[in-house]
1. Quick one: which of Ala50, Ala71 is assigned to a helix (DSSP H, G or I), at pLDDT 90 or above and over 30 Å from Leu134 (Cα atoms)?
2. Out of all the residues in the range 135-162, which are at pLDDT 85 or above, over 18 Å from Ala50 (Cβ atoms), out of contact with any Lys or Arg (no Cβ under 7 Å at 6 or more places or on another chain) and of a type in the set (A, V, I, L, M)?
3. Need a quick list: helices (runs of 4 or more DSSP H) entirely within the range 97-207 having at least 2 residues that are exposed (fewer than 15 other Cβ atoms within 10 Å of the Cβ) and touching a Gly at 6+ places or on another chain (Cβ under 6 Å).
4. Which of the residues spanning the range 148-189 are among the aliphatic types (A, V, I, L, M) and in contact (Cβ under 8 Å) with a residue 12 or more places away in the chain?
5. So which pairs qualify, if the first residue must be in the range 55-82 and touching a residue at least 24 places away in the same chain (Cβ under 8 Å) and closer than 19 Å to Asp109 by Cα, the second must be surrounded by 15 or more Cβ atoms within 10 Å (Cβ to Cβ) and among the hydroxyl-bearing types (Ser, Thr, Tyr), the Cβ gap must be under 7 Å, and the two must be at least 6 apart or on different chains?
6. Among what's in the range 74-91 and is in a helix (DSSP H, G or I) and surrounded by 18 or more Cβ atoms within 10 Å (Cβ to Cβ), pick the residue that is nearest to the chain's Cα centre (by Cα).
Amino acid sequence: MKTRNIYYVLFLVVILTTIAVYLKISREKNEEHPQITELAVEPDLLINSADRYLHDHKRLAAIEFLEDAIALMKLLEKDGDEVSMQAIEVAIHDLQAVEDHIKAEDVNDDMMYEAFADAMNSLAFASLRVSEELIKQGKDEEADKTLHYAMEHLQNSIKYARGDQKEEEIKLAHRLREIIDNHLQSDLSVIDEVMAEIDSVVQAHVIN
């Protein structure tokens, strides 16, 4: 009976160790190329949580979520080229400005939502840059993933954008949807046009 229990415990140890190793390998793989994994849209979720907690008057929790979003965006930044890195740096700058205002209890929805929208726009821009590079490498399946992540970023951005910016982003999301639905991934000039328009929107709303 005791021998059977020992074998049972050893079996559990082997199973748990295998799971732990698998999770570690999966996480390392995600962190190696975060723009083409589920980590790509994690900042959006963290920003959404920061917004929710701030409006629930839980300022410290909101700050923590913002800090986590910024840390993850710095990880995503490393997965792109110099141009996409600059775009994400703009987003990080805006989020840090919002964080400072929250700490000073001097933040308003207009400023905060502008920063949130542009952070997600910057991530969409970076995802498209990664898509282009993957297309050039013939990695169509991975390129398709990053195109869909770019779409998620844009759709999340629309929730926070206001006025003319919201209208601009709805049009951008529509154009990106056409690229995805009509299998235009290989047409880099079309992706370039969408990226240029996203960049124009972001640069117009940088928080000083």
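The values are calculated or read from the model by the stated rules, or taken from the named source; none is laboratory data. Everything numeric here is computed off the predicted structure, so don't read it as measured data. FYI the Cβ positions are ideal-geometry reconstructions off the backbone, even for glycines, and counts take in every protein chain you see.
1. Working: Ala71 fails: over 30 Å from Leu134 (Cα atoms).
So the residue among Ala50, Ala71 that is assigned to a helix (DSSP H, G or I), at pLDDT 90 or above and over 30 Å from Leu134 (Cα atoms) is Ala50.
2. Listed by number, the residues that qualify are Leu147, Ala150, Leu154.
3. Values: elements: 109-136, 140-160, 163-181, 188-203.
Result: empty, no element qualifies.
4. Step one: of the range 148-189, the residues among the aliphatic types (A, V, I, L, M) are 150-151, 154, 158, 161, 170, 172-173, 176, 179-180, 184, 188.
The answer is Ala150, Met151, Leu154, Ile158, Ala161, Ile170, Leu172, Ala173, Leu176, Ile179, Ile180, Leu188.
5. Note: pairs meeting the criteria are Ala62/Tyr53.
6. At the first step, the residues of the range 74-91 found to be in a helix (DSSP H, G or I) are 74-77, 82-91.
From what is left, the residues that are surrounded by 18 or more Cβ atoms within 10 Å (Cβ to Cβ) are 76-77, 84, 87-88, 90-91.
Numbers: Leu76: 8, Glu77: 10, Ser84: 12, Ala87: 12, Ile88: 10, Val90: 14, Ala91: 11 Å.
So the residue we want is Leu76.
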